[in-house]
Ligand code: ZN
């Protein structure tokens, strides 16, 4: 069964995130500051180092991947929602190194911005909360 919400376009923010800031925290802090509780986002730029996670479906837990090198953000998309009273960002990225090799995963804290340009689109008329889903072990949209 497909469960869904229907929302409307809200505000759009065009943002230059701070060099040396933590990518995940900077995005969550910005969304919180401007009051975006549901939204979608895209980022292009580069990072000094990255930390991502891979979700093991067998073990139902995240495995951490540390990438200790300068990387370009080739693709970065995600969403903004609410979980336990907090604004949270769920973001996946693909990074590229100087040889064009790619790495990727679910963005974690510890990813340090070199430069990052973000478009954040607010979604209105929805309450986008997350709840624990015991089938997947993930905190998924509560629809
Ligand atoms: Zn994820």
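Bear in mind that the values in this text are calculations on the coordinates, not laboratory data. Bear in mind that the values here come from a model prediction, so they are computed numbers and not experimental data. Please note: Cβ atoms are built from the backbone with ideal geometry, for glycine as well, and neighbour counts cover all protein chains shown.
Multiplying each eigenvalue of the alpha-carbon gyration tensor of the chain by 5 and taking the square root yields semi-axes of 25, 20, 12 Å, largest first, rounded to whole angstroms. Placing a label point 7 Å from the Cα of residue 127 along the Cα-to-Cβ direction, the residues of the stretch 70-112 whose backbone N falls under 17 Å of that point are 81-88.
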